[in-house]
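So the structure is just underneath, and the comments pick up after that.
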Amino acid sequence: QVQLLESGGGLVQAGGSLRLSCVVSGRTFSSYTIGWFRQVSGKEREFVASIRWSVGSTNYADSVKGRFTISRDNAKNTVYLQMNSLKPEDTAVYYCAADRVLSTVVFRTDYKGIDYWGEGTLVTVSS
């Protein structure tokens with residue numbers, strides 16, 4: 001019984017920035033991992049970043065390291081994805097995801113087993 005609602009997507013030129021938000025409702029446990037995946041039509045869903053709710057530890061895909069930052073606000077039950085230096089290849093539908101898993105490695109490598117997903121928000125980066 002977890003609901004996720006993404007927002008913040010839009011159109012941006014290469015080199016620009018966007019901040020995505022994911023509002024989490026329901027019971028969020030200390031062991032939950034919250035993260036972002038992205039997907040282009042016809043391609044595999046791709047891990048972007050994740051955060052362990054309880055301790056704030058983060059994990060990033062190599063393709064976004066140094067450009068994207070994931071964070072959370074406990075008071076607002078919100079996870080953010082700050083995206084800087086955007087590239088055309090970042091264009092995708094971005095999905096917020098959550099699951100009660102112990103391992104960040106499992107979260108990023110087994111997305112098909114994740115229980116909770118938002119509906120997605122479209123990010124388009126023009127060249």
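The values are calculated or read from the model by the stated rules, or taken from the named source; none is laboratory data. All values derive from a computational prediction rather than experimental measurement. All Cβ positions, even for glycine, are placed from backbone atoms using ideal geometry, and neighbour counts span all protein chains on display. Protein only, heavy atoms only, side chains kept; ligands, DNA and RNA dropped before computing areas. Shrake-Rupley method; radii C 1.70, N 1.55, O 1.52, S 1.80 Å.
Just give me the residues in the stretch 12-29 being open to solvent by 30 Å² or more (accessible area, probe 1.4 Å) and either of a type in the set (Phe, Trp, Tyr) or in contact with a Phe, Trp or Tyr (Cβ under 9 Å, 6 or more places away or on another chain) (or both), in sequence order. Selection gives Arg19, Gly26, Thr28, Phe29.
Summed over the stretch 1-11, the residues that are assigned to a strand (DSSP E or B) and either open to solvent by less than 50 Å² (accessible area, probe 1.4 Å) or closer than 17 Å to Trp53 by Cβ (or both) give a count of 6.
Can you pull out the residues in the stretch 53-72 that are open to solvent by 50 Å² or more (accessible area, probe 1.4 Å) and more than 16 Å from Gly8 (Cα to Cα)? Those that are open to solvent by 50 Å² or more (accessible area, probe 1.4 Å) and more than 16 Å from Gly8 (Cα to Cα): Ser54, Val55, Ser57, Thr58, Asp62, Ser63, Lys65, Gly66. Taking the stretch 73-97 as the range and being open to solvent by less than 50 Å² (accessible area, probe 1.4 Å) and closer than 17 Å to Trp117 by Cβ as the test, the residues that pass are Thr78, Val79, Leu81, Ala92, Val93, Tyr94, Tyr95, Cys96, Ala97. Within the stretch 98-111, the set of residues being of a type in the set (Val, Ile, Thr) and open to solvent by 40 Å² or more (accessible area, probe 1.4 Å) comprises Val105, Val106, Thr109.
Please work out if Ser17 is more than 19 Å from Val125 (Cβ to Cβ), within 17 Å of the chain's Cα centre (by Cα) and of a type in the set (Gly, Ala, Ser). Here the answer is no, as Ser17 does not meet what is asked. One residue alone among Thr121, Thr78, Thr104, Thr109 is touching a strand residue (DSSP E or B) at 6+ places or on another chain (Cβ under 9 Å), free of Cβ contacts under 8 Å to residues at least 60 places away in the same chain and among the polar types (S, T, N, Q), and that residue is Thr78. Within the stretch 37-60, the only residue that satisfies the criterion of being among the hydrophobic types (A, V, I, L, M, F, W, C) and in contact with an Asp or Glu (Cβ under 7 Å, 6 or more places away or on another chain) is Phe37.
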